[in-house]
Amino acid sequence: GKGGKGGKGGKGGRGGHGGHVTAVAASSDGRLLATGCTDRLMRVWDTRSMELIKALKGHRDVVSGVTFRPDSRQLFSCSYDRTVKVWNAEIMAYTETLFGHQSPVMGIDTMSRWERAVSVGSDCTCRVWKVVEESQLLFRGQSLSIDCVAHLNEELILTGAQDGSLAMWSTKKRRPLFVASRAHGRHLPEAVPAPWISSVSCVRRADLVASGSGSGGLCLWRFNQRKPVLSRLLSIPIEGFVNGIAFEASGQFVVGTSAQEHRLGRWERQAKARNQIQLYSLREADLFDAYPERGESVAGRAPRHGE
């Protein structure tokens, strides 16, 4: 949400946001929470006292994504200003800016033991940033803006795009391993554009991933790296835009956040939807009872040579 005093404040207090919150991330130990906002600021909060530690300035446009590197206080943010910034959340200080995207950066994630992050943007690219080496890897393979990204492990990356596709990438190859087109649009006529993929998440170092959209709710998938192929396990109906997904570490639960509007814009409003957070058990018995139609395949393919 937005509002509250101290939206532009510096340190301490219960200062609120001066605009709409676009992104949230927690540190591995759960003690820090970072939020991105349309007011161009990133804020870091103490989860125990529920107080603002500091509002970090530097971006020149909407802060569209934030993420902590696991087991560290290194913090990454991305913005519509086409940059990725690196911060030290131990001392609440700016470290450096990473340039490369040619248009707004829409999402960011990090997982690596090394100082690396992966970002996606409306320039239809996915970029892996090697901070120490001062270099980047560039990946292309989806036709419209790539809005969301999540690490499956140190090598595999899942992205979702406005063309309705899900793509699985390897840092060892420049083209996607597999692309699931119209991932949330199987029920729609071919002439109707597939729903945007608005969020993705992965169970780290496993094979279970999830995607959300503004039509079709939340989908669970299994990735088989040997083939490689994404297989749909089930769809959980959720009305509204699924703007965020997070798995519990062991994969026993998944949390979905839904709203009447997309997290990054007011292009469409679903008046019947509720702004809410929903928790789902992923234990096998619970899944089978709640969703008898499961284990379906999805239309997709590995890119051909030269594409």
Could you go through segment 208-226 and let me know if any residue there is open to solvent by 40 Å² or more (accessible area, probe 1.4 Å) and in a strand (DSSP E or B). yes
When you scan segment 184-196, do you find a residue that is within 21 Å of residue 127 (Cβ to Cβ), of a type outside the set (Ser, Thr, Tyr), in contact (Cβ under 8 Å) with a residue 60 or more places away in the chain and not in a loop (DSSP other than H, G, I, E, B), even just one? no
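Matching residues to (1) surrounded by fewer than 24 Cβ atoms within 10 Å (Cβ to Cβ); (2) without any contact (Cβ under 8 Å) to a residue 24 or more places away in the chain; (3) within 23 Å of residue 77 (Cβ to Cβ):
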position: 143; (1), (2), (3): yes, yes, no
position: 147; (1), (2), (3): no, no, yes
position: 150; (1), (2), (3): no, no, yes
position: 162; (1), (2), (3): yes, no, yes
position: 181; (1), (2), (3): yes, no, no
Of the candidates 61, 46, 81, 123, the one satisfying the condition of being of a type in the set (D, E, K, R) and under 24 Å from residue 152 (Cα atoms) is 123
Number of positions in segment 86-106 that are assigned to a strand (DSSP E or B), without any contact (Cβ under 8 Å) to a residue 40 or more places away in the chain and closer than 21 Å to residue 26 by Cβ: 4
Hits in segment 107-132 - residues which are in contact with a Ser or Thr (Cβ under 8 Å, 6 or more places away or on another chain), part of a strand (DSSP E or B) and surrounded by 20 or more Cβ atoms within 10 Å (Cβ to Cβ): 107, 108, 109, 116, 117, 118, 120, 121, 126, 127, 129
When segment 245-255 is examined, which residues are found to be assigned to a strand (DSSP E or B) and either within 18 Å of residue 161 (Cα to Cα) or open to solvent by 20 Å² or more (accessible area, probe 1.4 Å) (or both)? 245, 246, 247, 253, 255
Tell me which of these residue 242 doesn't satisfy, since it passes every other one: (1) touching a residue at least 60 places away in the same chain (Cβ under 8 Å); (2) assigned to a strand (DSSP E or B). (1)
Select, from 29, 46, the only residue that is over 30 Å from residue 140 (Cα atoms), at pLDDT below 95 and among the acidic types (Asp, Glu). 29
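The values are calculated or read from the model by the stated rules, or taken from the named source; none is laboratory data. Everything numeric in this text was worked out from a predicted model, so none of it was measured. Don't worry about glycine lacking a Cβ; one is built from the backbone with ideal geometry, like all the others, and counts go over all protein chains shown. What goes into the accessible areas is simple: the full protein's heavy atoms, side chains included, and nothing from ligands, DNA or RNA. Shrake-Rupley method; radii C 1.70, N 1.55, O 1.52, S 1.80 Å.
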